[in-house]
Every structure is written in structure tokens, then in C-alpha cells.
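See below for the structure under consideration.
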Amino acid sequence: MQALLPSGVGLFSISKRLLAVFATGALLLCLGACAGHDQQTMVVYLVRHAEKEPGQDPALSPAGRERAELLALILRDTHITRIHSSDYRRTRETAAPVAGQLKRQVSIYDAGDLPALARKLLEERGHHLVVGHSNTTPDMVTLLGGSAGQEIDEASEYDRLYIVSVATDGSVNTELLRYGRPYLSPAATQQP
């Protein structure tokens, strides 16, 4: 078996890649089921921007660009009608591959006025992507009536994908999925 593998590639790295492929496939199937909502049900996909470079209003890092491209792949069949981003380079760059694939414009929202965005989404209905930050994404989930769960680890957690569905009767369902390279909490990475 080893003779069939390219130089420097072990079985462990191949199994990690296969696991990532299967996990992405499972996520696509799950999102396909979510995309099956009728147009009367509002569906909002919410993510924090992908990994970024250091600095003031930084661009995405190579890992962040990879995650943004993966997000576009994952959301390709979700019937997103509008894409919303805060006015920061890292959020706009996270939204750009999705916008390009779906041929949608990115609407800029005021990250300091999340209630206004929540009202706009609830009035417009449809299917939306909202790209925000570690401190705004959970708040937006809550403003839409969803359950945000634990705080996002600002330093290193970029893999959350919330799906908030709001039915016409006002009932709300929240799903929290993970995509791309998984987040490992600091407690999980410490050696015993």
C-alpha cells in the first residue's frame, strides 16, 4: 500500500482528508434538507468571518480564504436570496465566494445596530447569509429568536455555522453545525 502513495504522504494524512471529505458531504446533505424549507419559512445562515491575518482591518489568511471557499461550496444549494456582511475586510472577504457563486450582491449592515438588521431580515423573510464576528454572530442568533449556545472563542473558533429557521407562525428552530477545520477548545488540546 505504501508504494501507491506519493512520497511524504502517509495513511494518516489520507484518512484525515477522507474524514474531511465525508464530513463535508454529511454537512451538504444536512444543509440540503434545510434548504427544503418552503419560501414562507425564513432561513438565516450565520457565520463568523473566517481566519484572518493580524493587523487593523485585516484580510483573510490562507486558511481563512480556504474556509470561505468551503462555505460557498456548502451553501451553494440553499436558495440564499440575500447576503449581509459587516463593513470589515475580513467579513466581506468571507462573504465574497458565496456571493460570487450565487451571483448575489453583498449588503453591508451596521454591526453596531444588530436590532435593525434583525428587523430587516424578519420583514424580508427569504433565505439569508449573515457574516459577522465572534461577538455579533451569537447576538444576531438571539435577536432572531434562536439559541446561540456558548460564547465563541474569539482567538481561534471560526467553524460555527448557525441555521436559524423562523416559520410563519413565529416558531424558531436553531441548528449549530461546524464546517472546515474543526475548532479544538484550549481544554481539549492540553496534554494530561
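Here are a few things to note about the model shown:
- Among the residues of region 74-90, none qualifies, meaning not one is among the β-branched types (Val, Ile, Thr), crowded, with 16+ Cβ neighbours inside 10 Å, under 20 Å from GLU154 (Cβ atoms) and modelled with pLDDT of 95 or more.
- Sole residue being crowded, with 20+ Cβ neighbours inside 10 Å and not aromatic (Phe, Trp, Tyr), chosen from ALA63, ALA96, ALA68: ALA68
- The residues of region 99-117 that are among the hydroxyl-bearing types (Ser, Thr, Tyr) and surrounded by fewer than 18 Cβ atoms within 10 Å (Cβ to Cβ) amount to a single one, SER107.
- When restricted to residues that are within 19 Å of THR78 (Cβ to Cβ) and either of a type in the set (Asp, Glu) or touching a Leu at 6+ places or on another chain (Cβ under 6 Å) (or both), region 90-126 contains 2.
Conditions tested, residue by residue: (1) farther than 21 Å from ALA50 by Cα; (2) at pLDDT below 95; (3) surrounded by fewer than 19 Cβ atoms within 10 Å (Cβ to Cβ); (4) not hydroxyl-bearing (Ser, Thr, Tyr).
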| position | (1), (2), (3), (4) |
| --- | --- |
| ARG119 | yes, no, yes, yes |
| LEU129 | no, no, no, yes |
| PRO138 | no, no, no, yes |
| GLU157 | no, no, yes, yes |
| TYR162 | no, no, no, no |
| ALA187 | yes, yes, yes, yes |
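- Across region 74-92, the number of residues qualifying as part of a strand (DSSP E or B) and touching a His at 6+ places or on another chain (Cβ under 6 Å) comes to 1.
- Checking each residue of region 164-171 against the condition of being of a type in the set (Gly, Ala, Ser), part of a strand (DSSP E or B) and under 15 Å from HIS84 (Cα atoms) gives no match.
- Flag not set for ARG104, criterion: at pLDDT below 95 and closer than 20 Å to ILE83 by Cβ.
- Candidates LEU117, LEU161: the one that is touching a helix residue (DSSP H, G or I) at 6+ places or on another chain (Cβ under 9 Å) and part of a strand (DSSP E or B) is LEU161.
- Long-range neighbours under 8 Å by Cβ, at least six apart or interchain, first residue within 10 Å of THR41 (Cα to Cα) and without any contact (Cβ under 8 Å) to a residue 40 or more places away in the chain within region 158-187, second of a type outside the set (Phe, Trp, Tyr) and assigned to a loop (DSSP other than H, G, I, E, B): GLY170/GLY145; VAL172/LEU144; VAL172/GLY145; VAL172/GLY146
The values are calculated or read from the model by the stated rules, or taken from the named source; none is laboratory data. Being a predicted model, the structure only gives us computed values, none of them experimental. When we count neighbours, we look across all protein chains shown, and the Cβ atoms used for this are built from the backbone with ideal geometry, even at glycine.
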